[in-house]
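K.L.:
Got a structure for you, questions after.
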């Protein structure tokens with residue numbers, strides 16, 4: 001409140017020393033140092049970024065307001081979306097794919113071409129198995145696969161363009177996570193809403209996110225469940241009975257060491273929210289499915305981001321912080337919550353009806 005309405009930064013009024021905002025926990029947040037130290041002085045940040053909390057994550061869902069801190073404009077970081085440097089030939093495909101010789105020459109060539117579009121983060125068997133499987137996905141979706149998308153193209157609300165609060169498209173996170181993974185591969189799919197009218201989407205949201213993925217050899221894909229990780233990390237001297245933001249971050253980082261796309265299922269922690277009338281209500285504690293992606297930029301630097309395909313955040317984009325996510329996760333994760341890499345997995349085509357036609 002009290003911004004300079006005739007000076008707009010990123011769509012919002014610039015903050016003044018007199019600007020304030022109400023804290024969701026009670027009290028008022030004000031500016032200690034506005035950075036203005038004399039006329040004509042060039043502005044420099046007075047406090048490091050780490051001293052501010054960017055609580056933009058799930059603001060709408062958790063009923064939180066905007067942040068007092070507005071992060072300075074970031075330099076645009078472009079991902080490395082280049083194809084594999086290891087070029088495959090039909091002779092290699094014939095050794096990996098038992099049915100390769102039965103395909104028509106043009107089909108054989110397309111399998112090899114699609115495999116060569118894939119990144120080096122996938123091994124040769126995964127690239128060829130995924131390429132062959134693309135034909136089954138095309139048939140199930142009645143759609144031809146296009147070029148692999150960038151993270152930005154796969155995100156930007158395009159997996160869930162009908163998102164609106166209090167509609168089936170605001171509770172379809174399990175579907176949007178799958179849609180994002182397929183969009184990266186080049187399938188222009190959009191998620192259906194989650195309601196009684198879409199029983200398959202409802203089933204998917206009931207803890208079945210991992211059941212629609214197969215390993216490259218056709219076996220069932222196995223996630224790493226949070227509870228199993230807690231038991232593995234526990235000792236007699238230091239048993240882990242509750243998860244903390246630091247433990248969640250460790251769990252995510254340990255299980256996303258390879259460059260790739262991961263689906264994470266989680267439970268939000270319950271938070272107290274102060275209503276406009278002064279009463280206190282509790283929000284959160286529901287389930288959610290989201291994307292964790294380890295990706296490489298043009299300079300070869302690796303990044304770990306929380307991509308949220310259900311709700312697009314233009315300011316955060318592909319730079320959503322893992323730390324911000326971990327702050328809101330429940331200390332008592334239920335059974336079945338976990339993480340799995342999916343960009344090297346086969347999407348089970350019998351679940352193709354979760355997408356809009």
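K.L.:
Filtering the stretch 271-287 down to residues that are surrounded by fewer than 12 Cβ atoms within 10 Å (Cβ to Cβ) and not in a loop (DSSP other than H, G, I, E, B), which residue is modelled with the lowest pLDDT?
P.N.:
That would be 282.
K.L.:
Kindly check whether there is at least one residue in the stretch 91-101 that is modelled with pLDDT of 85 or more, in a loop (DSSP other than H, G, I, E, B) and either exposed (fewer than 14 other Cβ atoms within 10 Å of the Cβ) or more than 32 Å from the chain's Cα centre (by Cα) (or both).
P.N.:
Scanning the stretch 91-101, I find at least one residue that is modelled with pLDDT of 85 or more, in a loop (DSSP other than H, G, I, E, B) and either exposed (fewer than 14 other Cβ atoms within 10 Å of the Cβ) or more than 32 Å from the chain's Cα centre (by Cα) (or both), so the answer is yes.
K.L.:
Output the residues belonging to the stretch 189-215 that are within 14 Å of residue 179 (Cβ to Cβ), touching a residue at least 60 places away in the same chain (Cβ under 8 Å) and part of a loop (DSSP other than H, G, I, E, B).
P.N.:
Result: 189, 190, 192, 198.
K.L.:
Next up: Which residues, taken from the stretch 206-215, are surrounded by fewer than 20 Cβ atoms within 10 Å (Cβ to Cβ) and in contact with a helix residue (DSSP H, G or I) (Cβ under 8 Å, 6 or more places away or on another chain)?
P.N.:
208 - this is the single residue of the stretch 206-215 that is surrounded by fewer than 20 Cβ atoms within 10 Å (Cβ to Cβ) and in contact with a helix residue (DSSP H, G or I) (Cβ under 8 Å, 6 or more places away or on another chain).
K.L.:
Next up: I'd like to verify a number: residues in the stretch 323-357 that are under 19 Å from residue 152 (Cβ atoms) and in a helix (DSSP H, G or I), how many?
P.N.:
Count: 0.
K.L.:
Filter the stretch 231-250 down to the residues that are surrounded by 11 or more Cβ atoms within 10 Å (Cβ to Cβ), part of a helix (DSSP H, G or I) and touching a residue at least 40 places away in the same chain (Cβ under 8 Å) and list them by number.
P.N.:
Across the stretch 231-250, the qualifying residues are 245, 248, 249.
K.L.:
A further question follows. Taking residue 191, is it modelled with pLDDT of 85 or more, within 21 Å of residue 344 (Cβ to Cβ) and surrounded by 18 or more Cβ atoms within 10 Å (Cβ to Cβ)?
P.N.:
In short, no.
The values are calculated or read from the model by the stated rules, or taken from the named source; none is laboratory data. Remember, predicted model here, so these are calculated numbers, not experimental data. Cβ atoms come from the backbone with ideal geometry, glycine included; neighbour counts cover every protein chain shown.
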